[in-house]
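A short write-up of the structure that comes next.
None of the figures in this text is laboratory data; all of them are computed from the coordinates on show. Note that this is a predicted model, so its numbers are computed, not measured. Glycine gets a Cβ as well: all are built from the backbone with ideal geometry, and neighbour counts include every protein chain shown.
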DNA sequence: CATTGTGAACGGGTTCACAGCA
DNA sequence: TGCTGTGAACCCGTTCACAATG
């Protein structure tokens, strides 16, 4: 039995589906058709059906998809039935905002540790965590078994800190610095740079 | 003369190229080959050549691309030769972090106004701006002519505020709330939700 | 000789259209 | 009737390969 791997582009849409379904659940809806979901997300209904059908037959003809059931399936597929502890490196303004953000709960994540190298910040409380010294990062992360990290340090130190994270056993990094990290294969890296998105939009803003 | 529109996926890579080239410039490099650029970004050299060739013949055989020249061209293509004033709505933790962020300079943007509805925040200084009352948003933005906005309000008010922004003349919104905005066609919308990226990564993190 | 620009080939993601089913 | 699941057709982005050139 050979499993054809699911295209990455399909996987990238699943979190979007989950987000939307959780919203629809809050609105009190019990089921959703591919047509309705597509309309909300600006995606074709056929696309959504095809995406979901890669993982099983989740829908019912004539009715659509049961929202609680589909949420459960997606959480399972995305590995967010359990809550992932994550570590945050960089306790600047952005790090503060993330550490205090309430939106991780119920979506599969929890900021469990915060690190920084600035002695003024170490020992201070940020959200539910106390900022720890980055020199202890490797040991602390190793023994905690945490494998997901958010990187909110200045660009100039992002590469070095990312390598430190990998040494500590981290295998998924969400990088907020506007540079391209170079890390071993097998390490998941995603980037978040608002300016890239702004520039993408200004392209279309005719003079 | 019929201009074939550039594929959106190509446009989305241009900001990445620009970011990288500006970094290479800081490193003191004067030219770059498609091979070298591709290696840095994890993209094929052919892809980069094809992307750039859509806009003109920027390279020189045997040498590659002149970095200052290519930066200039990309800034022109992306409309970031001038600096765009942008407005920020939502002066919470994330709004604060963005308003104080130094990285907009030299990449084409500047936070020019900040709005919030919380009377405790109105009048307070955030970065270089004073938080203004959201009831004045429509008028103030109209007369300023600003057309780009960052939306950092709670999910529950994001849709309403987004509509307000559109009424005020904004036509590009970077939305930080984890919901899908529904706005008129022609309005540019991009979303930033770190949890979508985290869930994308956890999919691949085998049990 | 290294590297660009590009037509052609390729691959794969999206849409179509419909059988099948509640 | 309404909607899913899916093979087939279609479309489009990527890669290939090479002529052209400084």
Mind pulling the angle between the C-alpha long axis of helix A:8-26 and the longest principal axis of chain A? Nearest 10 degrees, somewhere in 0 to 90. 80 degrees
So, in nm, how far is label residue B:190 from label residue B:31 when the simple model puts each one 7 Å beyond its Cα toward the Cβ? 3.1 nm
Hey, if you drop one equal point scatterer on each alpha-carbon of the range B:50-99 and run the Debye formula without solvent, what base-10 log of I(q)/I(0) do you get at q = 0.20, 0.22, 0.23, 0.24 Å⁻¹? -0.74, -0.81, -0.85, -0.89
What gaps in nm, shortest first, separate residue A:68 from its twins in the other copies when you place the label 7 Å past Cα toward the beta carbon? 6.7
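Using Cα pairs under 8 angstrom and six or more residues apart, how large is the relative contact order of chain B, in percent?
With pairs under 8 Å counted, the relative contact order is 13 percent.
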at residue B:139 the sorted inter-copy label distances (label 7 Å from Cα on Cβ side), in nanometres, are 6.1
Using the Cα atoms of the range B:97-142 to build a convex hull, what is its mean projected area in square nanometres? 3.5 nm²
Quick one: helix B:194-203 against the long Cα principal axis of chain B, what's the angle to the nearest 10°, folded into 0 to 90? 50 degrees
With a cut-off of 8 Å between alpha carbons and a minimum separation of six or more residues, what is the relative contact order of the range A:8-77 in percent? 39 percent
For the range A:1-89, alpha-carbon Rg relative to the globular expectation (2.2 N^0.38 Å, N residues): 1.14
Given the DSSP H assignment, sum -39500 (n - 2.57) over each helix run of at least 4 residues in chain B and divide by its residue total; what's the result at 222 nm in deg cm²/dmol, nearest 500? -12500 deg cm²/dmol
In whole angstrom, note down how far apart the Cα centers of the range A:187-207 and the range B:71-96 are. 10 Å
With 0.36 nm assigned to each residue of separation and the Cα-Cα distance removed, residue B:69 to residue B:23 gains 15.1 nm
On the formula 1/(1 + (r/R0)^6), with r taken between the Cβ atoms of residue B:53 and residue A:43 and R0 of 35 Å, the FRET efficiency rounded to 0.05 is 0.70
So, in nm and shortest first, the distances from residue B:119 to its counterparts in the other copies, with label points 7 Å along Cα→Cβ, work out as 4.5
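For the range A:48-167, what proportion of DSSP beta bridges, expressed in % and rounded to the nearest 5, is antiparallel?
Of all bridge pairs located within the range A:48-167, approximately 25 percent are antiparallel.
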Cα convex hull of the range A:85-167 - mean projected area over all directions, nm²: 5.1 nm²
DSSP-defined beta bridges in chain A - what % are antiparallel, rounded to 5: 20 percent
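Largest first and in whole Å, give the semi-axes of the protein assembly as shown's equivalent ellipsoid, each being the square root of 5 times a Cα gyration tensor eigenvalue.
Details: eigenvalues 186, 153, 148 Å².
They are 30, 28, 27 Å, listed from largest to smallest.
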For chain A, take the longest principal axis of its alpha carbons; what is the angle in degrees between that and the long axis of helix A:155-167, to the nearest 10 within 0 to 90? 80 degrees
Estimated D of chain A in µm² per second, where Rh is the Kirkwood radius over Cα pairs and Stokes-Einstein applies at 4 °C, 1.567 mPa s: 67 µm²/s
Value of relative contact order over the range A:84-196, rounded to a whole percent, pairs C-alpha under 8 Å and six or more apart: 24 percent
